[in-house]
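*Asks:* First the structure, then my questions, so here it is.
Where a number appears in this text, it was derived from the coordinates with a stated rule and is not lab data. Bear in mind the structure is a predicted one, so any value in this text is a computation, not a measurement. Note: ideal-geometry Cβ built from the backbone for every residue, glycine included; neighbour counts use all protein chains shown.
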Amino acid sequence: MQLFKLLGNKRLFIMLIGLVAFIAIMGFTLGPRASLSWPEKFVKDTVGFVQSVFYKPAAYIAGFFEDVRNMKGIYEENEELRRAVAQYSRESASYNTMKANYEELQDILGFTKNQKERYKYNYRTAQVLSVNSDPNNRTLVVDLGERDGVRPNMSVTTVDGMVGIISSVSNFTSTVKLLTTMDAQDPNPQPISVTAIGKEDKTFGVVESYDEKTNTLLMTRISEDDPIKKGDKIISSGAGGVIPQGMIIGKVLSVQTSQYGQSRTATIEPAAKFDDWKYLIIVFTPEEPE
């Protein structure tokens, strides 16, 4: 009777039933079996669903911040690459400039060596500082002056050919008057006595003017029996004592009879190029005693 009274207590009865069910489930779970029971499946599915509900947003947020960190790293790498490309471009331009200058100086060195073997002159390389493009006063300024031994009327040339003469000198710079300013009507003309290579004892003439329309020099005072012809290379003869012998002037394009019929003239294509100035060569001749 007491047991039934005890069992009549509903709370205790429910606890007892729950304990028995728990022991039964534990025994069933620990026993060997091939598949899960439906309570286990229910619990696992419920836990898995809850985990997925929280895991996916968390994974998305974590991935977002990871992408942000990666984007920052990519941006920094791109900035480094931009700086590297800019540095490479500057170094490439500097290298190309140095290479061009080196090749030009190598050409000048070869030129001066050959000229020294042929003529007893000294040569100094001068850098062009400025260019006056006034058609009536085409001049250049170079970085050698009186302190370097430069004197007025010295010849100035490039590897290709003569470009002009020194017209004035200061302590540190000199002004070069170009052959393109030569004019027979100039009150102070500076004609160049010339001859042809291989015909030094037969061909004579004077270059005294430049034609801007045709970009050619005019050689005058050529005798009727002079063997000069198209294609001859014209150089300075050294007559007159101002322009030294052997300065390359240009090439004969044509020979024609002068307007008076007593002599002939020749049209000369200048050997030098008058459009790109970086370096010039000043010819130092022995100074004549006064």
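*Asks:* Just the number: Rg to Rh for the range 189-257, Cα atoms, Kirkwood Rh, two decimals.
*Replies:* Across the range 189-257, the Cα-based Rg/Rh ratio is 0.93.
*Asks:* Another question, if that's okay. Taking neighbour counts of Cβ atoms within 10 Å as a proxy for exposure, in what order, fewest first, do Tyr121, Tyr75 appear?
*Replies:* Listed from fewest to most nearby Cβ atoms, that is Tyr75, Tyr121.
*Asks:* With Kirkwood's inverse mean 1/r over C-alpha pairs for Rh, give me the Rg to Rh ratio of the range 119-284, two decimals please.
*Replies:* 0.97
*Asks:* Okay, moving on. Amide H to amide H, which residues 5 or more places from Phe284 or on other chains are under 5 Å from it, using H placed in the peptide plane?
*Replies:* Residues meeting the amide H criterion: Asn122, Tyr123, Arg124.
*Asks:* Given H placed on each backbone N at 1.01 Å, which residues far from Thr265 in sequence or on other chains put an amide H within less than 5 Å of it?
*Replies:* Gln256, Thr257, Ser258
*Asks:* Something else now. Stretched out fully, how many nm does the piece from Val85 to Ser170 gain, at 0.36 nm a residue minus the Cα gap?
*Replies:* Roughly 26.2 nm would be gained on extension.
*Asks:* So for each of 137-147, 180-190, 243-253, 220-230 I average, over its residues, the number of other beta carbons within 10 Å; can you give me the resulting order with the highest mean first?
*Replies:* Per-residue mean Cβ counts within 10 Å order the peptides as 243-253, 137-147, 220-230, 180-190.
*Asks:* Could I ask something else about it? In whole angstrom, how far apart do the alpha carbon centroids of the range 170-207 and the range 226-279 sit?
*Replies:* Going from one Cα centre to the other spans 9 Å.
*Asks:* Ranked by Cβ crowding within 10 angstrom, fewest neighbours first, how are Glu77, Glu104 ordered?
*Replies:* Lowest count first: Glu77, Glu104.
*Asks:* Output the pairs from Lys229/Lys278; Lys202/Lys273; Lys99/Lys273; Lys177/Lys229; Lys199/Lys230; Lys120/Lys229 with a Cα-Cα distance over 24 Å in this structure; if there are none, say none.
*Replies:* Lys229/Lys278; Lys202/Lys273; Lys177/Lys229; Lys120/Lys229
*Asks:* Could you calculate the FRET efficiency of Asp183 with Glu104 from 1/(1 + (r/R0)^6), where r is the beta carbon distance between them and R0 is 25 Å, rounded to 0.05?
*Replies:* In this case the efficiency is close to 0.25.
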